[in-house]
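Notes to accompany the following structure.
Read the figures in this text as sums done on the coordinates, not as results from a lab. Everything numeric in this text was worked out from a predicted model, so none of it was measured. Positions of Cβ are backbone-derived with ideal geometry, glycine not excepted, and every protein chain shown enters the neighbour counts.
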Amino acid sequence: MRPLLALIFAATLGLSLRATPIDRQALVTRHNPTVTRVDPWAPLSVGNGRFAFTADVTGLQTFEQSYHGDGKSAAGIPLETLARWAWHTNANPNGYKLSDANRDYTAYGKTIGYPMISGSPAGMWLRENPQDVPIGQLALDFTRDSGVPLSPDDISAINQSLDLWSGTVTSQYTLAGSPVTVVVACDPASDTIAVRLTSPLVASGKLGVRLAFPRGHDIRTKNNPALDWTKPEAHTTTIVAQTDRTLNLARAIDATRYQAALVASAPVKFAPDGPHAFHLRSSSGDTLEFTLSFSPSAIPAAPAAAVVRAASAANWKKFWSTGAAVEFTGSKDPRAAELERRVVLSQYLTAIQFAGDFPPQESGLTNSTWYGKHHTEMIWWHTAHFALWGRDEFLQKNLDWFARALPIAREIAKGRDLRGARWPKMIGPDGRESPGGNPLIIWNQPHPIHLAELLYRNSPTSETLARYRDLVQETAECMASMMNWDEAKQRYNLGPPMWIAQEIYEQGTSMNPPYELSYWVRGLTIAQQWRERLKLGRDAEWDKRIKAIAPLPVKDGKYVAIESTPDTWDNKESRHDHPSFLMALGQLPGDGVDRAVMRRTLDATLATWDWETKIWGWDYPMIAMTAARLGAPEQAVNVLLKTDGPNNAYMPNGHNPQRGDLPVYLPGNGALLAAVAMMAGGWDGAPVGDAPGFPHDGSWVVHAEGFHPLP
């Protein structure tokens with residue numbers, strides 16, 4: 001075929017055969033968020049993966065209350081400064097311990113206590129502690145004769161943008177008839193932001209900045225709690241050192257300690273405002289420029305503001321220039337530009353919030369949910385995409401915490417009469433489990449094995465094997481010991497007790513959900529492969545259990561959510577929450593799956609699931625992955641971009657809000673990136689050709705580079 005005809009043929013199929021690489025700067029910057037009005041759903045953030053600062057249209061955090069709402073129904077996305085190292089624990093005068101929240105379950109001749117009681121005094125304290133701590137608020141500080149505080153109505157002619165290529169937020173607007181410009185960036189190497197405020201109002205002394213410290217969050221609200229400005233006597237802010245350019249502060253909230261340091265580029269005037277706030281004004285000129293750093297320990301000399309901006313620009317140029325990329329220019333489908341926007345912004349949001357020394361909460365570093373705690377069952381959806389996009393270092397940071405936490409997981413396993421390492425569900429940085437229904441979730445258990453395998457596929461070296469050897473082997477050993485022999489049916493069961501990924505069934509009787517069964521086979525199979533790579537030989541007991549595991553439950557030709565309550569397609573009330581059985585062929589390659597049965601199951605889900613009220617943001621990409629593996633790319637795209645259901649909208653800043661108390665829900669962003677990576681980059685056994693998960697009917701033009709296929 002002549003080259004021209006080949007290109008015409010490829011374009012007809014919607015394939016990507018362009019010889020030139022993607023212009024990544026053009027791809028990224030055409031999706032720079034731009035804000036032209038006060039929009040509480042569109043604050044913009046800067047961050048470095050372990051620390052983030054979120055700003056309103058003023059470029060700072062001036063209108064905190066206008067953006068937050070009442071905690072029950074969000075008015076928008078909160079304005080906070082969070083770091084993954086910042087935690088606080090309330091006093092425990094009653095000496096509550098996890099066993100105080102235990103409820104006993106008896107199965108297979110054993111009685112085991114699980115910390116399930118969350119509503120008791122012990123359960124509540126254990127859930128609420130530790131909790132994440134907001135570490136500072138920066139706001140415009142405007143002086144006017146009337147003394148009336150600044151309000152959103154005072155800001156006009158707004159033009160705010162986030163330059164994704166440099167990680168810089170620039171905010172331009174008019175205040176009191178004068179132009180104002182604020183530029184904010186984050187240092188990639190330290191938890192430091194650089195701020196430059198320029199205006200004639202600065203020169204006149206009417207405009208400056210106010211730095212204030214809340215006590216923490218009002219944890220009476222579990223999700224999206226407000227900042228707590230009450231009880232100023234319950235915490236301290238101490239001036240450690242002060243000059244005409246610097247202000248070094250020590251913060252204490254009970255046993256929590258951290259440092260804050262403000263360094264100005266030119267002489268400034270500091271003035272206290274009560275025990276926990278400071279006014280900052282320029283001594284001369286129309287520009288107030290400074291850096292503000294935070295750290296759990298002493299802060300060395302902070303970089304200059306210009307240095308921070310340059311470092312941010314270099315860091316983000318490197319980020320966007322490496323790893324995978326995908327663009328949809330030339331597509332006829334009118335939704336292509338929106339999908340591209342979501343993909344670009346999701347990369348930014350996960351990069352600035354998912355690279356701390358402790359895995360993320362579901363709202364990342366934007367606001368607080370579940371007291372800031374990590375939900376281990378979401379680690380795959382938070383971080384698997386990093387490996388698929390060739391950004392392994394982000395996944396490594398998260399998986400390394402699991403490797404360090406093996407002693408904690410071993411103790412949990414021992415306490416439940418299991419071998420190996422059993423992963424808790426809802427945890428703070430100490431790894432201690434939180435009471436509730438959480439401890440009976442099991443689909444979190446294979447995640448570390450699957451994620452380690454993604455890293456090994458990208459870097460199949462002895463170093464990778466050594467780094468995660470114990471993590472993989474001990475996680476698998478526990479999985480094998482969690483299987484229970486059913487003498488009557490001559491098979492191994494999962495549960496009871498358990499709580500499946502579709503969190504609606506009675507834990508005490510739940511047994512054999514298809515996703516978890518398939519994931520058990522996949523996890524143990526990968527662990528056996530690791531044993532062979534390590535020259536350890538296969539574990540005969542694991543092979544025995546893989547072979548004899550219960551089959552995936554089927555009724556009337558479709559998979560049901562769980563064998564013990566096989567009412568998925570008979571009872572409308574059972575068709576809500578996550579349709580988790582689809583993950584067995586989607587996220588996973590389909591161990592034990594009959595593709596024809598899964599095809600009917602997918603069709604039934606799309607036709608009859610409760611899409612109106614009870615579906616989550618990460619469910620849409622998850623279902624798209626199943627459709628892609630079944631050779632239904634049109635369905636994959638349609639569900640990925642479905643609009644006639646809740647929780648699949650993406651705000652101007654790229655955030656995916658859910659119900660009223662979850663204005664930020666990053667599993668949706670992570671799942672989107674995993675699904676697009678699979679659809680554009682392929683999977684093991686995918687049809688030959690480019691972008692196998694997208695339609696090849698001419699409606700989509702997919703130019704992809706750098707992806708790693710999903711196993």
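Brief remarks on what is shown
- In the frame of its principal axes, region 330-382 has Cα extents of 44, 20, 17 Å, reported largest first.
- Straight-line cross-link partners of Lys206 among the lysines, defined as a Cα under 23 Å from its Cα and at least 8 positions apart when in the same chain: Lys269.
- Most positive-pole-ward Cα, Thr565, Trp520, Trp530, against dipole of region 514-576 from beta carbon charges: Trp530
- Computed on the Cα atoms alone, the convex hull of the chain gives a volume of 162 cubic angstrom per residue.
- Helix-derived mean residue ellipticity, 222 nm - over the chain, DSSP H n ≥ 4, -39500 (n - 2.57), to 500: -9000 deg cm²/dmol
- Modelled spin labels at Asp570 and Ala255, positioned 7 Å past Cα toward Cβ, are 5.3 nm from each other.
- His447, His576 arranged by Cβ crowding within 10 Å, fewest neighbours leading: His576, His447
- Loop-located chymotrypsin sites (Phe, Trp or Tyr not before Pro) in region 69-142 (DSSP state not H, G, I, E or B) with no more than 16 neighbouring Cβ atoms inside 10 Å: Tyr108.
- Over region 416-497, the reciprocal of the mean inverse Cα-Cα separation, the Kirkwood hydrodynamic radius, stands at 14.4 Å.
- With 27 Å as the limit on Cα-Cα distance, the pairs of Lys373/Lys642; Lys547/Lys614; Lys222/Lys425 that go past it are Lys373/Lys642; Lys547/Lys614.
- For region 64-104, the normalised intensity computed at q = 0.15, 0.34 Å⁻¹ comes to -0.71, -1.09 (log10 of I(q)/I(0), Debye sum over alpha carbons, equal scatterers, no solvent).
- For region 59-190, the share of alpha carbon pairs falling in successive 5 Å distance bins from zero is 2, 7, 11, 13, 13, 11, 9, 8, 7, 7, 5, 3, 2, 1, 0, 0 percent.
- For region 365-391 and region 425-487, distance of Cα centres in Å: 15 Å
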